[in-house]
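The values are calculated or read from the model by the stated rules, or taken from the named source; none is laboratory data. Since the structure is predicted, the reported quantities are computational estimates derived from the model, not experimental observations. Virtual Cβ from ideal backbone geometry, glycine too; neighbours counted across all protein chains shown. Just the protein is used for accessible areas: all its heavy atoms, side chains included, with ligands, DNA and RNA removed. Shrake-Rupley method; radii C 1.70, N 1.55, O 1.52, S 1.80 Å.
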Amino acid sequence: MCCFYVDGLSGFKEAISAVYPQAQIQRCVFHMLRNSFKYVNYSDLKKFSNDFKAVYNAPNKMAAYSELEILKEKWGRKYPYAIRDWENNREDVSSFFQFSEEIRKICIPQIF
């Protein structure tokens with residue numbers, strides 16, 4: 001099985017799928033986080049990023065979806081754009097959860 005990690009540039013997913021139709025395509029979690037954080041005021045960034053850890057540290061994708069809903073309840077009114085990208089790209093982020101916790105930790109820098 002091939003797994004490709006891509007950022008959100010248009011065309012990557014289609015190009016990879018054309019050449020490797022069985023490949024897993026994963027949106028880069030780091031890029032997703034960075035994109036979300038640009039919508040958050042600096043004064044809330046530490047709290048927001050700590051709350052977001054529950055999403056990408058969830059043990060599986062169903063737990064991550066649940067944590068995303070909790071995050072949305074807490075922060076969604078104040079920062080809807082920070083959460084919307086995750087909702088719109090659920091399937092492109094969910095293959096991340098098929099890997100063990102040890103491998104997933106490699107994918108997310110420890111700065112968060």
* Taking all protein chains as present, what is the carbon and sulfur share of the accessible area of the chain, in % to the nearest whole number, probe 1.4 Å? -> 54 percent
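When the helix-only estimate is applied to the chain (DSSP H runs of n ≥ 4, each -39,500 (n - 2.57), divided by the residue count), what is the mean residue ellipticity at 222 nm, nearest 500 deg cm²/dmol? Present the calculation step by step, with values, prior to reporting the outcome.
Details: 7 runs with 68 residues, N = 112.
Result for the chain: -17500 deg cm²/dmol, rounded to the nearest 500.
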* **the chain: most fluctuating residue of LEU68, LEU45, LEU33 per GNM, C-alpha cutoff 10 Å** => LEU45
* Asked: Here are some values of mean projected area of the Cα convex hull in nm²: (1) 8.2; (2) 6.9; (3) 7.6. Which one was computed from this structure?
  -> (2)
* Structure fact -> Connecting every pair of Cα atoms under 10 Å apart in the chain and solving the GNM, the largest mean-square fluctuation among ASN41, ASN89, ASN60 falls on ASN41
* Asked: So what's the angle, to the nearest 10 degrees on a 0 to 90 scale, between helix 42-56 and the longest Cα principal axis of the chain?
  -> 50 degrees
* Structure fact -> Computed over the stretch 24-80, the distribution of all Cα-Cα distances in 5 Å bins, rounded to whole %, is 4, 18, 27, 29, 15, 5, 1, 0
* Asked: Comparing ALA15, ALA64, ALA54, which has the greatest mean-square fluctuation in the GNM of the chain with Cα pairs linked when under 10 Å apart?
  -> ALA15
* Asked: Can you give the accessible area per residue of the chain, in Å², using a 1.4 Å probe?
  -> 64 Å²
* Where trypsin sites (Lys or Arg not before Pro) fall in DSSP loop in the stretch 1-71, at most 14 other Cβ within 10 Å -> LYS38
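Relative contact order for the chain: what is it in percent, counting Cα pairs under 8 Å that are at least 6 residues apart? All intermediate terms of the calculation are to be shown ahead of the outcome.
Values: 102 pairs, mean separation 32.8, N = 112.
Across the chain, relative contact order equals 29 percent.
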